[in-house]
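See structure below.
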Amino acid sequence: MNEEQDRANGAARPAEPALRLVDVRRSYATGPVVTEILRGVRLEVNHGDLLSIMGPSGSGKSTLMNIIGLLDRPTEGQYLLKGAEIGAMGDRELSALRNASFGFVFQSFHLLARLRAWENVALPLVYRGEATAAGRRRALEMLDRVGMADRADHLPGELSGGQRQRVAIARALVGEPDILLADEPTGALDAETGREIMNLIIELNASEGLTAIIITHDRGVARQCARRTRILNGVLSEPAAEA
Ligand code: ADP
Ligand code: MG
C-alpha cells in the first residue's frame, strides 16, 4: 500500500512503525574465522502488516527472526521496537519486552507433551503469574478463536499436526502480543493443512489487525502475504508487489 495515499485518505497511522531494523548485521566468530550471517538488513514493519520472509535453507531466516524476537542481538546496526532502541537495554529489560511484544510459532510446534491443549495455551499466563481460573478462561477463548474449542482437554499426542499448530498459535496469542513471529509454521504440515494454518493467520490479520511476520521457504505461503520479502545470503530485499 502507498503511504502517501494512506495519508491522503486520512488513514490513522501510528507515529512509529512496529519495528525498524537499520543495517543490522550478525556474525559468528569461530576462532579467527568470522562468518557474516546477516549482512546489513534494513526492514520496517508497520502495525497490521502481514509480511513474509522467504529464502532458502541457511540464508539467515531464523537468525533474523531471533533478532526480531529479541532472542538474540545484532552484532552491528540498530533495532528499534516501537521506537525504542534495544541496543542499550539489559537482558532483563529485553526479556520483559519480548514477552509483552511477541508471540512465537515454530515449525515443530514446541508443545509440552504432558500438558493438555488448554494448559499449553495458558502457560505464558502462568509464567506471568496470572490466576489459574482466569488463565483457563483466556486459554479456552483462544482455543475457540483458532477453531479448537472441542479439543481443549486433549494432549498434543492426541492431535494432528495442523491441530497442534492451531494450539501453538493460540498459545502465541494468549498474552496479546503486538506481533506474531512464525518460523516455517507450515514446514511440518502437508500442503492442505499448511493452507488452513495460513488461512487462520490471514484471517487474524484481516479481522483483528494482527501484525504477523511469517518465515518460510515455500513460495505458495509467501504469496499469501500482502508484503513479501526475500532473504539471500543474509541480504533482505523487498521486490515490488507482484500483480
Ligand atoms: P535459515 O533459517 O534461513 O535456514 P539460519 O538463520 O538458521 O538459516 O542460519 C543461517 C546460517 O547461520 C547457517 O549457515 C548456519 O549454519 C549459521 N549459524 C546459525 N547459528 C549459528 C551459530 N550459533 N554459530 C555459527 N553459525 C551459525
Ligand atoms: Mg530456519
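What follows draws every value from the coordinates through simple rules; no lab data is involved. The model shown is predicted, which means the values in this text are computed figures rather than measured ones. Here the Cβ positions follow ideal geometry from the backbone for every residue, glycine too, while neighbour counts run over all protein chains shown.
Details
- Taking only Cα atoms of the chain, radius of gyration then Dmax in Å: 18.2, 55
- Pairwise label distance in nanometres, residue 176 with residue 237, each label 7 Å out on the Cα-Cβ vector: 4.1 nm
- Electrostatic tally near residue 235: other residues with Cβ closer than 14 Å to its Cβ, Lys and Arg +1, Asp and Glu -1, net +3.
- The magnitude of the dipole of the chain, with charges of +1 and -1 set on the Cβ of Lys/Arg and Asp/Glu and taken from the Cα centre, is near 340 debye.
- Normalised by the number of residues in the chain, the average gap of Cα pairs under 8 Å and 6 or more apart makes the relative contact order 28 percent.
- Contact order relative to length of the stretch 155-201, as percent, for alpha carbon pairs under 8 angstrom and 6 or more apart: 40 percent
- Every Cα-Cα pair of the stretch 83-132 was included, and the share exceeding 13 Å stands at 69 percent.
- Two-decimal Rg to Rh for the stretch 135-191 - Kirkwood Rh, Cα set: 0.96
- GNM top mover of 180, 210, 155 - the chain, alpha-carbon springs below 10 Å: 155
- Expressed as a fraction of 2.2 N^0.38 Å, the C-alpha radius of gyration for the stretch 168-226 is 1.05.
- Of all the options 157, 103, 55, the one that moves most in a Gaussian network model of the chain with Cα springs shorter than 10 angstrom is 157.
- Gap separating the Cα centres of the stretch 204-218 and the stretch 122-198, nearest whole Å: 15 Å
- Dimensionless Rg ratio for the stretch 76-179, taking C-alpha atoms and the 2.2 N^0.38 Å reference: 1.18
- Rough spin-label spacing in nm, given labels placed 7 Å along Cα→Cβ, for residue 113 and residue 137: 3.5 nm
- When you filter the trypsin sites (Lys or Arg not before Pro) in the stretch 123-192 for DSSP loop state and at most 12 other Cβ atoms inside 10 Å of their Cβ, you are left with 128.
- Cβ-based exposure ranking for 184, 192, in which fewest neighbours within 10 Å come first: 192, 184
- Placing a label point 7 Å from the Cα of residue 126 along the Cα-to-Cβ line, the residues of the stretch 80-112 whose backbone N sits under 14 Å from it are 111-112.
- Helix-only CD estimate at 222 nm, as mean residue ellipticity for the chain, using -39500 (n - 2.57) per DSSP H run (n ≥ 4): -10500 deg cm²/dmol
- Dividing the mean sequence gap of close Cα pairs (under 8 Å, 6+ apart) by how many residues the stretch 133-243 holds gives a relative contact order of 20 percent.
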